[in-house]
Amino acid sequence: MPYIDGIGGIHETNMNVSISSLDVIASAPLSRRNLLRSAGMLTAAMVAGSLARAQSLAGDFPSKPITVILPFPAGGMMDAVTRALTEAVAKDLGQPVVLVHRAGAGGVTGLAGLTTMGNADGYTLGLMHNSVIRWPHMNKVEWDPRVDFTYVFGMANLTTGIAVAADAPWQTLAELLADAKARPGAISWGNVGAISANRIYAERLARAAGVRFNFIPFKGGSEQLTAVVGRHLDVYGDPGFGAMATSGKLRLLASFTEQRLPRWPQVPTVRELGYDFVVHSPFGLVAPKNMPPAVLARLQSAFIKASEDPTYNRIRNDFDLASWGADSETYRKYAVKQYAAEKQMLDEIGFKPE
């Protein structure tokens, strides 16, 4: 399906209208009133033609497979959750939804590519997370997350935990922090990406406790889980711990949530332990900017419906992800507000762009 840019196809559609308007100009006195009237006729005809063309194309949507860019490696939590949702969406849309993995820069590279596509026809989407919103505060880029994406659907909220291998020596967060104070920099702490909210909050916790960890960035959650279970990494500091903790391979020490997790009522929150840190980190689906409203409405409707799918919700719950289900406008407003909040958070830890 061709991209609707508001210009392509209009000249042919409005050829007769344009000629008749020129006839009016030629046959009438060249007064300012007649010129304005003729210009208005041309503008109205062009707008009507553009809307008709957009509605026609949207009526056929989708007529081919849809691609979702996943900015993380295959096999992790985001892969499983997004795949379950898009499989449900494909049933509603009547077209396959294909996941394409483009990892890099902590999950930013694949999404940043959407801002230069110039094609908002609804056939290319991407998984958005807060590191993308934070990135322009940390690096010089030519895009702005507040205006250079079409926000389609807010999926869920990540639940960040502090976990260690089941056979690790630390039984509580207090024990872990005490050991870190006794051995500065000796205990390794992993996060996906070097600039994720989870990494930033881990550093804030370390500063508040007066300790120092050896922070190690990973490309994805699956390789980080493998490292901590294999005792090549000491601390897992991200979402996605649920399945491993349930199986007994991980021990959850605390969570960066407002309340204790229903599946782990015995595990305290970081706030309960005296450190007032709560991580709010929702994620969802976006597309290049300026998507036709009719196409956006069709996609939004399909994703809202799919969010009730039993398989998707089972997998979401397996990873302790809180449902969000935000519509396009709610998600956009969140991104605008979060853009300012990210700047404030970076200022608080004294971050300076390179």
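Structural remarks
- Protection-proxy order for peptides 99-109, 81-91, each taking the mean of Cβ atoms within 10 Å per residue, highest first: 81-91, 99-109
- Added length on full extension, which subtracts the Cα-Cα distance from 0.36 nm per residue, Asp60 to Glu87: 7.7 nm
- Remark on Leu253: its backbone amide H falls under 5 Å from those of Ile162, Ala163, Val164, a criterion applied only to residues 5 or more positions apart or on other chains, H modelled at 1.01 Å from N.
- Amide H contacts of Thr124: Thr67, each under 5 Å away and 5 or more positions distant or on a separate chain (H built 1.01 Å from N in the peptide plane; Pro and chain starts excluded).
- Ranking Leu225, Ala243, Leu205 by Cα position along the charge dipole of region 161-255, where only Lys, Arg, Asp and Glu carry charges on their C-beta atoms, puts Leu205 farthest toward the positive end.
- For Val141 and Glu308, a Förster radius of 35 Å and the Cβ-Cβ distance give a FRET efficiency of 0.45, rounded to the nearest 0.05.
- Filter on Lys64/Lys305; Lys64/Lys91; Lys140/Lys343 - keep pairs with C-alpha separation over 18 Å: Lys64/Lys305
- Gained length - Asp179 relative to Ala194, 0.36 nm times residue gap less alpha-carbon distance: 3.0 nm
- Theoretical FRET efficiency, 1/(1+(r/R0)^6), r = Cβ-Cβ of Arg212 and Gln344, R0 25 Å, to 0.05: 0.55
Every read-out reported here was derived from the displayed coordinates using simple, explicitly stated rules and does not represent laboratory data. What you are looking at is a predicted structure, and each value in this text was computed from that prediction instead of being measured. Backbone-built Cβ (ideal geometry, glycine too); neighbour counts: all protein chains shown.
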